[in-house]
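What follows draws every value from the coordinates through simple rules; no lab data is involved. Note that this is a predicted model, so its numbers are computed, not measured. Glycine gets a Cβ as well: all are built from the backbone with ideal geometry, and neighbour counts include every protein chain shown.
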Amino acid sequence: MLEIHGLTGGYDKKEIVRDVSFSLQKGRMLGILGPNGSGKSTLLKMISGILPLTAGDILIDNKPRTSYKQKELARKMAVLPQLHAHAFSHTVAETVALGRYPHQSGLFSQWSAEDEAATTEAMTQTGVAKYRDEELEYLSGGEQQRTFIAQALAQQAELLLLDEPTNHLDLEHQRQIMDMLKHEVATRQLTVVSIFHDMNLAALYCDELLLLENGRVRAYGAPAEVLTEDEIAQVYHTAVARFAHPQLATPQMALLPNIEIAQNRVTLEQFRVENEFVHLKATKPLRTLSAALHNPGFGWFRHFLNRTVDAQYMCDDAHAEMKNYIKNHHLPIEQTVAMMTAVDVKHAVIRRYKEEDHEIFVMVTAGVGNAVDAARGHLHAEPQRVGTINLWVIINGVLSDESFMQAMMTTIEAKVKAMQDGEIYDTQTGTIATGTSTDSVLIASTQSGQNYEYAGTITDIGKLIGRGVYETMIIALDDYKRAKGWIQ
Amino acid sequence: MKKHVVGYTVSFALLVVAAWFAISIGSVKVPLSVLWNPSSADAASANIIWKIRVPRVILAGLVGAALAMAGAAFQGLLKNPLADPYTLGVSSGASVGAVMTIFFGISSSALGLYTLPIFSMIGAMVAMVLVLGFSRLVDRSMKMETLILTGIIISAFLSSVISLMIALTGEELRQILNWLMGSVSMRGWPYIKMIWPFLLVGALMLWMNRKELNALLFGEERAHYLGVNVKRSKWMILVGGSILTGCAVAVSGTIGFVGLVVPHMTRLLFGADHRHLLPLSIINGATLLIVCDLVARTIIAPSELPIGVITSFIGAPVFAYIFFRQRRKGR
């Protein structure tokens with residue numbers, strides 16, 4: 001649909017865009033990214049014919065752009081420039097109706113039913129139909145922007161060039177406009193080239209990205225290839241961290257601000273065993289990875305609860321019940337991670353391990369009444385029953401994502417070893433159990449102090465975790481056995 | 001759509017009423033019945049009506065229509081609410097032509113009565129070529145700012161030429177000043193015959209660009225994207241508006257405010273869509289100037305005031321109000 005070869009040019013004699021090439025298939029969306037002054041708008045103006053080229057070719061539908069007559073081009077390609085102020089006001093309907101200009105010809109051209117249908121649809125799609133008789137100057141920036149998007153849509157061109165279409169729009173309308181464009185791309189084979197300021201938004205919606213730096217193409221390809229931490233850090237001179245979108249297979253970028261991170265340290269005194277729960281209250285949020293009931297996964301939390309519930313606890317919506325519980329104890333719901341156990345928390349074992357500069361805390365509540373051998377779990381028929389090993393490992397240090405996963409592995413391996421050495425059997429199969437069916441694990445770190453790139457079993461921190469979890473588990477298991485009268 | 005039907009109906013009714021009164025009222029009262037039934041008129045009344053009043057009213061209407069339409073187009077094209085037909089300096093050229101004719105006492109037997117308006121129109125065309133040519137020389141894309149600035153430069157220069165001639169003149173001073181303040185009296189049919197073809201051409205050039213003017217209101221860039229041949233439209237609007245202005249000034253002098261106020265009032269009442277703004281401005285411009293001329297010649301009868309005094313007297317407060325409203329709105 002659009003082919004650009006070696007495009008060079010800019011304002012007057014000054015070349016701003018240099019040797020830019022890309023091509024875009026019909027029914028695809030291309031996002032143009034780049035820092036201020038990298039030539040994004042200049043490139044768009046050159047493609048749309050406002051600025052001259054000093055070199056290069058632009059092919060639209062395999063024909064040079066210059067071979068199109070003005071109105072013909074406007075039927076093929078609609079352009080949304082950035083929003084400017086106007087001296088006089090048209091109404092919204094009049095503004096959108098102007099999008100039909102290239103479809104009308106002759107001195108006495110009539111407004112056709114087709115024109116009416118196109119403008120009405122465009123206004124509906126952008127949600128401006130309700131303002132149709134209002135004057136543009138009385139509308140907000142976002143409403144004006146949507147009116148101009150409607151104008152461009154009313155042109156019914158196959159190719160759409162947009163200069164920051166989501167500028168001035170709030171979150172809802174950003175999503176609405178981008179969803180609508182994506183829908184048009186998918187259903188009507190619309191082809192879109194759009195400048196974006198927000199690279200995360202671009203990554204969500206675009207099939208391809210073009211990253212410009214000083215008027216040249218720095219990277220071009222699928223979002224996953226273009227949006228790399230190194231590339232963005234170099235082009236924008238800003239540290240970023242790449243993370244996965246929770247639902248879509250597209251990268252997202254988080255800004256890493258250049259600010260001093262305050263020291264944060266967990267101490268044994270911050271652990272409290274209350275009536276019904278173990279409560280760790282950190283002074284600052286800890287980076288956490290857990291399989292907790294409330295707020296699982298990765299996150300940042302200040303409060304950590306391990307709560308005892310009755311062995312007969314049955315609840316249709318354990319999540320809501322837990323939320324209520326947290327609220328009733330005047331803890332901030334969004335800053336709290338919470339898990340449940342049938343074990344009375346007076347049996348909770350909390351220990352501190354320190355080796356040179358490395359320091360961790362381990363908390364265990366172990367109820368192994370319904371222990372399971374993971375290798376033979378398929379032999380268990382009945383539904384889950386209470387009987388839980390809850391394990392916390394809190395680390396004073398900085399952990400990478402990789403070390404978080406390794407710390408988790410080390411913790412679980414140490415737990416399994418403790419089950420083995422503690423001779424806990426799966427009653428169903430008669431084999432050594434590896435845990436229970438409802439175990440939970442939590443790894444948390446202060447993210448200040450010592451740096452841990454890895455946390456495997458023979459790294460400094462891994463050794464501490466392995467030993468700490470194993471020893472604490474053994475103590476907790478002995479405690480459990482004593483309570484059950486299995487040992488003296 | 002309904003708003004425009006009302007607009008045309010009201011505007012046209014006002015024009016008819018204004019013309020009616022302007023024809024019947026004057027130093028010699030002509031009974032309305034004469035107008036109903038011209039055959040019953042005595043010879044004197046018929047003469048007054050057909051030789052003096054009717055051409056005067058028609059000329060006032062044509063001049064008002066031309067100025068208002070040119071004003072509407074220039075405001076739209078220049079995207080400037082303060083623009084009027086005189087912004088581009090074409091009127092100053094026309095004035096220089098006319099004042100030179102009076103100052104040097106130019107009279108041509110071949111041109112006769114037409115000497116002054118023809119020199120004036122030549123002045124207008126020279127000024128137009130100067131402004132457009134210089135703008136193009138400065139900036140090939142002829143940005144609006146360039147046009148406005150060039151207009152101001154040329155106007156200022158030509159005004160100084162006029163001032164010089166006024167300063168050096170003796171007995172013709174009153175004649176020059178009277179011409180500058182504008183009047184449509186004692187022109188008669190020949191003037192109308194002289195200018196109407198030009199007015200028609202100018203008006204057509206603007207009317208053909210009514211949709212383009214709508215698009216240009218959003219700036220040349222957006223208009224370009226909408227498929228408007230911006231360069232061609234701009235030239236047609238500039239030349240068309242200049243022809244209208246030049247003709248109007250040549251026959252009636254620089255009558256102020258019509259071209260500024262009428263488009264604004266029309267826009268406020270009936271919207272900014274040029275498809276209706278241009279014709280409505282024509283009708284309302286004609287009405288306003290017919291009324292102003294009526295007031296100018298009756299208010300201190302038997303003497304006459306220059307029509308420019310009345311338009312400015314009415315126009316300035318109206319414009320002040322519009323200006324106030326616009327600023328308040330911007331906040």
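For the range A:2-255, what percent of Cα pairs sit more than 26 Å apart? Provide the component values of the computation, followed by the final result.
Numbers: 13371 of 32131 pairs.
Looking at the range A:2-255, the distances longer than 26 Å represent 42 percent of pairs.
Sort B:96-102, A:261-267, A:274-280 by packing, meaning the average of other beta carbons within 10 Å per residue, with the highest value first. It would help to have the intermediate numbers written out before the result.
Values: B:96-102: 23.9, A:261-267: 13.9, A:274-280: 17.9.
Taking the mean over residues of other Cβ atoms within 10 Å, the ranking is B:96-102, A:274-280, A:261-267.
Consider all pairwise Cα distances in the protein assembly as shown and report the whole-number % of them above 43 Å.
Values: 180423 of 334971 pairs.
Tail fraction, whole percent: 54.
Kindly provide the chymotrypsin sites (Phe, Trp or Tyr not before Pro) of the range A:57-166 that DSSP labels as loop, not H, G, I, E or B, and whose Cβ sees at most 12 other Cβ atoms within 10 Å.
In loop regions of the range A:57-166 (DSSP not H, G, I, E or B), the sparsely surrounded chymotrypsin sites (Phe, Trp or Tyr not before Pro) are A:108, A:111.
If packing is taken as the average number of other Cβ atoms within 10 Å across a peptide's residues, how do B:262-268, A:481-487 rank, most packed first? Mind showing how you got there, number by number?
Values: B:262-268: 24.0, A:481-487: 11.9.
Descending mean neighbour count gives B:262-268, A:481-487.
Just need the relative contact order of the range A:268-484 here, percent rounded to a whole number, with Cα pairs under 8 Å and 6+ apart. Let's see the in-between values first.
Details: 490 pairs, mean separation 49.5, N = 217.
RCO, the range A:268-484: 23 percent.
Using a 10 Å cut-off on Cβ to Cβ distances, tally the other chain neighbours for every residue of A:96-103 and report the average as a whole number.
On the way: counts 0, 3, 11, 4, 3, 9, 4, 1.
Per residue, the average neighbour count from other chains is 4.
Output the DSSP H helices from chain B with an along-axis C-alpha extent of no less than 30 Å and a mean Kyte-Doolittle hydropathy no less than 1.6. Intermediate results must be reported in sequence, preceding the final value.
Values: long enough: B:2-24 (33 Å, 1.30); B:54-78 (35 Å, 1.69); B:115-138 (34 Å, 1.95); B:144-168 (36 Å, 2.08); B:230-252 (33 Å, 1.04); B:274-298 (36 Å, 0.97); B:307-330 (34 Å, 0.61).
Helices meeting the span and hydropathy rule in chain B are B:54-78, B:115-138, B:144-168.
How high is the FRET efficiency between residue B:201 and residue B:160 when r is their beta carbon distance and R₀ equals 30 Å, given to the nearest 0.05?
Details: r = 31 Å, r/R0 = 1.05.
Approximately 0.45, to the nearest 0.05.
Is there a simple number for the mean count of other chain Cβ atoms within 10 Å of the Cβ of residues in B:210-222, and what is it?
Working: counts 0, 6, 1, 0, 7, 6, 0, 9, 10, 5, 1, 7, 10.
Across the residues of B:210-222, the mean count of other-chain Cβ atoms within 10 Å is 5.
Distance from a point 7 Å along Cα→Cβ of residue A:298 to each backbone N in the range A:314-351: keep the residues under 20 Å and list them by number.
A:334-338
Here is the link list: A:14/A:76; A:415/A:484; A:63/B:143; A:281/A:323. Which ones come out longer than 27 Å on Cα distance?
Values: A:14/A:76 29 Å; A:415/A:484 20 Å; A:63/B:143 30 Å; A:281/A:323 17 Å.
Where the Cα-Cα span goes over 27 Å, the pairs concerned are A:14/A:76; A:63/B:143.
At a 10 Å Cβ-Cβ cut-off, how would you order B:137, A:293, B:216, A:391, fewest neighbours first? Intermediate values should be presented prior to the final figure.
Values: B:137 11, A:293 19, B:216 26, A:391 29.
Going from sparsest to densest Cβ surroundings: B:137, A:293, B:216, A:391.
Under 13 Å from a label point 7 Å along Cα→Cβ of residue A:137: give me every residue in the range B:62-88 with its amide N that close.
Taking a point 7 Å out along Cα→Cβ of residue A:137, the residues of the range B:62-88 whose backbone N falls under 13 Å are B:76, B:79-83.
Hey, quick one: spin label on residue A:189, modelled 7 Å out along Cα-Cβ, who in the range A:1-35 has an amide N within reach, i.e. under 20 Å?
A:1-4, A:23-30
Find how much the distance from residue A:200 to residue A:72 grows on full extension, using 0.36 nm per residue of separation minus their present alpha carbon separation; answer in nm with one decimal. Each step should come with its number before you reach the end.
Details: separation 128, 0.36 × 128 = 46.08 nm, distance 3.47 nm.
Extending this stretch completely gives an extra 42.6 nm.
Express in nm, to one decimal, how much length is gained between residue A:111 and residue A:400 on full extension, taking 0.36 nm for each residue of separation and deducting their alpha carbon distance. Could you put the intermediate results ahead of the total?
Values: separation 289, 0.36 × 289 = 104.04 nm, distance 6.35 nm.
In short, 97.7 nm is gained.
In which sequence would B:120, B:312, B:160, B:91 go, from the one with the fewest C-beta neighbours within 10 Å to the one with the most?
Numbers: B:120 28, B:312 20, B:160 11, B:91 32.
Least to most surrounded, the residues fall as B:160, B:312, B:120, B:91.
What does the helix-only formula give at 222 nm for chain B: each DSSP H stretch with n ≥ 4 adding -39500 (n - 2.57), the total divided by the residues, and the result rounded to the nearest 500 deg cm²/dmol? Please list the in-between numbers first.
Working: 15 runs with 248 residues, N = 331.
That comes out to -25000 deg cm²/dmol.
Which of rounded, prolate, oblate describes chain B, given a ≥ b ≥ c as roots of the alpha-carbon gyration tensor eigenvalues and a/c under 1.5 marking rounded, otherwise prolate only if a/b is larger than b/c? Intermediate values should be presented prior to the final figure.
Working: a/c = 1.84, a/b = 1.23, b/c = 1.50.
Oblate, because a/c is 1.5 or more while a/b does not exceed b/c.
Can you tell me the orientation of helix A:113-126 relative to chain A, as the angle in degrees between its alpha-carbon axis and the longest Cα principal axis, to the nearest 10?
So the helix axis and the longest Cα principal axis differ by about 30 degrees.
With an 8 Å Cα cut-off and a minimum separation of 6 or more residues, compute the relative contact order for chain B in percent.
Numbers: 476 pairs, mean separation 99.7, N = 331.
Value for chain B: 30 percent.
Please arrange A:20, A:309 by how many other C-beta atoms lie within 10 Å of their C-beta, fewest to most. It would help to have the intermediate numbers written out before the result.
On the way: A:20 24, A:309 20.
Final ranking by Cβ density, sparse to dense: A:309, A:20.
If r is the Cβ-Cβ distance from residue A:423 to residue A:321 and R0 is 30 Å, what FRET efficiency results, to the nearest 0.05? Mind dumping the intermediate values first?
Details: r = 35 Å, r/R0 = 1.17.
Computed FRET efficiency for residue A:423 and residue A:321: 0.30.
Just counting partner chain Cβ atoms within 10 Å, what average do the residues of peptide B:224-236 show around their Cβ? If you can, show how the numbers build up before the last one.
Numbers: counts 9, 18, 14, 20, 6, 3, 2, 1, 1, 0, 0, 0, 0.
Average per residue, whole number: 6.
Quick check: residue separation of residue A:352 and residue A:241 times 0.36 nm, minus the Cα distance between them. What number comes out in nm?
Going from the current span to full extension adds 36.8 nm.
Counting other Cβ atoms within 10 Å of each Cβ, which trypsin sites (Lys or Arg not before Pro) in the range B:104-183 have at most 15 and sit in a DSSP loop? Before the final figure, lay out the partial values.
On the way: sites: B:136, B:140, B:143, B:174; in loops: B:140, B:143.
Qualifying residues, ordered by number: B:140, B:143.
Cα atoms only, chain A: Rg and Dmax in Å?
Here Rg and the maximum Cα pair distance are 30.9, 105 Å.
When only Cα pairs under 8 Å and 6 or more residues apart are kept, what is the percent relative contact order across chain A?
Numbers: 1005 pairs, mean separation 58.0, N = 488.
Over chain A, the number comes to 12 percent.
What's the center-to-center distance, using Cα atoms, between the range B:74-102 and the range A:252-310 in Å?
Cα centres, the range B:74-102 to the range A:252-310: 75 Å.
Among B:47-60, A:350-363, what's the highest-first ranking by average C-beta atoms within 10 angstrom per residue?
Numbers: B:47-60: 19.9, A:350-363: 17.9.
In descending order of packing, they fall as B:47-60, A:350-363.
Per q in 0.11, 0.12, 0.13, 0.18 Å⁻¹, report the Debye log10 I(q)/I(0) for the range A:268-484, using one uniform scatterer on each alpha carbon and no solvent.
Log10 I(q)/I(0), no solvent term: -0.50, -0.60, -0.70, -1.34.
Using a Förster distance of 60 angstrom, determine the FRET efficiency expected from the C-beta separation of residue B:104 and residue B:6, and round it to 0.05. Let's see the in-between values first.
Values: r = 51 Å, r/R0 = 0.85.
Computed FRET efficiency for residue B:104 and residue B:6: 0.70.
With a sphere of radius 14 Å drawn around the Cβ of residue A:10, what net charge do the other residues whose Cβ falls strictly inside it have (Lys, Arg +1; Asp, Glu -1)? Intermediate results must be reported in sequence, preceding the final value.
Working: positive: A:13, A:14, A:18, A:40, A:45, A:216; negative: A:12, A:15, A:19.
Once all neighbours under 14 Å are counted, the net charge is +3.
How about the range A:1-99: which trypsin sites (Lys or Arg not before Pro) there are in a DSSP loop, with at most 15 other Cβ atoms within 10 Å of their Cβ? Write down the numbers at each step before the final one.
Working: sites: A:13, A:14, A:18, A:26, A:28, A:40, A:45, A:65, A:69, A:71, A:75, A:76; in loops: A:13, A:14, A:26, A:28, A:69.
Counting only loop positions with at most 15 other Cβ atoms within 10 Å, the trypsin sites (Lys or Arg not before Pro) in the range A:1-99 are A:13, A:14, A:26, A:69.
Quick check on chain A: helices-only [θ] at 222 nm, where DSSP H runs of length 4 and up contribute -39,500 (n - 2.57) each and the sum goes over total residues. Nearest 500, please.
On the way: 12 runs with 144 residues, N = 488.
After summing the helix terms and dividing by residue count, I get -9000 deg cm²/dmol.
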